C-alpha cells in the first residue's frame, strides 16, 4: 500500500507512525492479522484489490511479487 499521507501509516505501541507498515496491517505496535501465513495474506489481499477496481490476475501478480519482499515476510 502506498503510504503518502500520515493516516496511511500504521502506528507503533507509543502511538507514533510506523515508517514500514500501513494502517491496514499494523496498529498499536502489532500486526492486525498476526499469525496469518504469507500465502493466506496473498489470498486475503486479492479480493481487496478487486474491490478497488483491479483485475484478479493483476491483483494476484502484484501480491505475489510485492508481499514476499516486505520485511514482515523475509526470513
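Quick notes
- Residue that is surrounded by the fewest Cβ atoms within 10 Å (Cβ to Cβ), among those in the range 1-24 that are part of a loop (DSSP other than H, G, I, E, B) and touching a helix residue (DSSP H, G or I) at 6+ places or on another chain (Cβ under 8 Å): 2
- Of all residues in the range 2-32, those satisfying the criterion of being in contact with a strand residue (DSSP E or B) (Cβ under 8 Å, 6 or more places away or on another chain) and on the phi > 0 side of the Ramachandran plot are 28, 29.
- Residue tally, condition closer than 14 Å to residue 1 by Cβ and surrounded by 14 or more Cβ atoms within 10 Å (Cβ to Cβ), over the range 47-57: 2
- All positions within the range 25-61 that are assigned to a loop (DSSP other than H, G, I, E, B) and farther than 13 Å from residue 72 by Cβ: 28, 29, 52, 53, 54, 55
- Odd one out for residue 60, checked against (1) surrounded by 11 or more Cβ atoms within 10 Å (Cβ to Cβ); (2) closer than 21 Å to residue 7 by Cα; (3) touching a residue at least 12 places away in the same chain (Cβ under 8 Å): (2)
- Residues satisfying the stated conditions in the range 42-66, i.e. closer than 18 Å to residue 10 by Cβ and in contact with a helix residue (DSSP H, G or I) (Cβ under 6 Å, 6 or more places away or on another chain): 45
None of the figures in this text is laboratory data; all of them are computed from the coordinates on show. Here the structure is a predicted model, which means the values were calculated and not measured. FYI the Cβ positions are ideal-geometry reconstructions off the backbone, even for glycines, and counts take in every protein chain you see.
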